[in-house]
Every structure is written in structure tokens, then in C-alpha cells.
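Working notes, structure below.
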Amino acid sequence: MSDESSLAPKRFYTLAEAAPADGGFAILLDGRAVLTPRRERLILPVLPLAALIANEWAEQGDTIRLAAMRATRLAYTAADRVAGARKETVAEVVRFAGSDLLCYFAEAPQALVQRQAAQWRPLLDWADRALGVRLNPVAGIIHAAQPAESLARIETLCAETDAFTLAALTFAAALYGSAVLALAVMKGELSGEQAYEISRLDEAFQQEQWGVDDEAAARTAHGRLDAVMLQAWFAALR
């Protein structure tokens, strides 16, 4: 038995389900509401999102592995942190937009440059057309300031969301290194996993040249699971 398994709390319930509650939907474990780490009742804004989280609790075995319960942990963050720190959380997404991964094209090799152009430029065009966010791409890694009006537009888009959408946007921007990719997943332009593969284009190119070590493979697999959860999260909110 691993140390993680031995330290994990034992499962103490039989039935996990989503149910209507004041202000939205709760997660019930044998009829008792799940609480956040701050000991507040976890209330989700829509039933599909509550069902997604309830399913994580239902899928637990003899022990509760919170580290693997991605949607539950994100819901805790939304309820306990984001709801009371909206301005700061919006600013995080704006910071990612200010140094968005999709704006920094390689100078060489040409095969990578072409791959980036094929996958990144259409998304920058989409952000301009669909969101009113025009970001300027550059070649190389030296930071280039983005238009103030575009960053202000990102701020407005984020400020218009509820705490659960905003929490996922922030998580996605950090995972992808890109506010554009995060917004594309939120809007349904890309799936969570598509955005993840686009975000790791440079890494994948290098791995094609030099191979993949076990640590990198594990990191990629972990990130892909996060991306799959984000896809389900945004789909539930839509």
C-alpha cells in the first residue's frame, strides 16, 4: 500500500448525489451536505456541474483520494477563494493575456514555426473576431506589451462571469499558459484537450526530436486529465 493510500481518509458514505438547495445545488453524501475546507456548504450554480462533482465522490473506492478529484478541488477554490477575491482573480487572467503563449512564435526551426503558425494564428484571429481581443504576435521570447484596450477587454470578459466560471478560467489560463486558449475552451471553440495539445506544441516538437522521459510523460498525462476536467466543467456551465 502506498503512503498516499494509507493516509487517505476512509470512505464513510454509500450514496453521493446532487440535490437542490438554497442558492443552487448541493452535493449530498448519504443525505449530508459536502462542506468546503472553510466549513461552508458547497453550493453549485447549476445541476450539471453539481452532478459532475457528485460523480467524483461516487467514483471513490474504499478511500477518498481528493488529489484525484479535480472538479471538487476546483469547486472548493471557487467557493472559498474566488468568490471573495474576484478583482484579484480577474487580474490573474489578464496577466496571462499580457504574456500569452500564443503570441510568442519561435524563430527556428522552420518546421516548428510553420506548426505554430498553422495552430496559433487562427486562434489569435478568432480572439480578435469573436472576443474583440487583438493580441500582437512576435518572434522570439522577449516580452512584448499587448494593447491596453485588448487587456481591458479580457478584464471585462472575466468580470462578467460567475465565481465558478472565473475559477475555471484562471485554472485553464495557468494550465495552458494562455488566456486565449482558456477563453476558447470556455466558449466551446476548443475542447479542453485540444487546447492542452496546442499549448504544449513546442514541448511535443522537442519530444519528437529527442524522445520522452518518464517524468515528462507523467507531467503530460496529469495535465491532460486537468484539461479533460475543464472541458466537462465548462460544458456543465454552458
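Summary table below
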read-out: Out of A51, A8, sole residue that is modelled with pLDDT under 95 and in contact with a strand residue (DSSP E or B) (Cβ under 7 Å, 6 or more places away or on another chain); value: A8
read-out: Residue selected from the stretch 196-217 under the condition surrounded by fewer than 17 Cβ atoms within 10 Å (Cβ to Cβ) and hydrophobic (A, V, I, L, M, F, W, C), by the criterion nearest to R115 (Cα to Cα); value: F205
read-out: Cβ pairs under 7 Å, 6+ apart, first in the stretch 213-238 and within 23 Å of T165 (Cβ to Cβ) and free of Cβ contacts under 8 Å to residues at least 60 places away in the same chain, second open to solvent by less than 40 Å² (accessible area, probe 1.4 Å) and of a type in the set (S, T, N, Q); value: Q231/S191
read-out: Single match in T220, T156, T161 (criterion: farther than 24 Å from E56 by Cα, crowded, with 16+ Cβ neighbours inside 10 Å and over 12 Å from the mean Cα position of the chain (by Cα)); value: T161
read-out: Contacts under 6 angstrom Cβ, first residue in the stretch 14-28 being within 13 Å of A54 (Cα to Cα) and open to solvent by 20 Å² or more (accessible area, probe 1.4 Å), partner part of a loop (DSSP other than H, G, I, E, B) and of a type in the set (D, E, K, R), 6 or more apart; value: T14/D30; L15/D30
read-out: Any pair with Cβ under 8 angstrom, 6 or more apart, that starts in the stretch 167-180 at a residue that is open to solvent by 10 Å² or more (accessible area, probe 1.4 Å) and ends at one that is among the polar types (S, T, N, Q) and in a helix (DSSP H, G or I); value: T170/T89; F171/T77; L175/S199; G177/S199
read-out: Residue in the stretch 139-150 that is out of contact with any Cys (no Cβ under 9 Å at 6 or more places or on another chain), part of a helix (DSSP H, G or I), modelled with pLDDT of 95 or more and surrounded by 14 or more Cβ atoms within 10 Å (Cβ to Cβ) present; value: yes
read-out: Options E189, E193: the member that is open to solvent by 30 Å² or more (accessible area, probe 1.4 Å) and in a loop (DSSP other than H, G, I, E, B); value: E189
read-out: Subset of the stretch 183-238 (residues that are among the acidic types (D, E), touching a Leu at 6+ places or on another chain (Cβ under 8 Å) and more than 29 Å from F25 (Cβ to Cβ)); value: D202
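The values are calculated or read from the model by the stated rules, or taken from the named source; none is laboratory data. Because the structure is a prediction, the values reported are computed rather than measured. Glycine also receives a Cβ, built like all others from the backbone with ideal geometry; neighbour counts cover every protein chain displayed. In case anyone asks, the SASA skips ligands and DNA or RNA and just uses the protein heavy atoms, side chains included. Shrake-Rupley method; radii C 1.70, N 1.55, O 1.52, S 1.80 Å.
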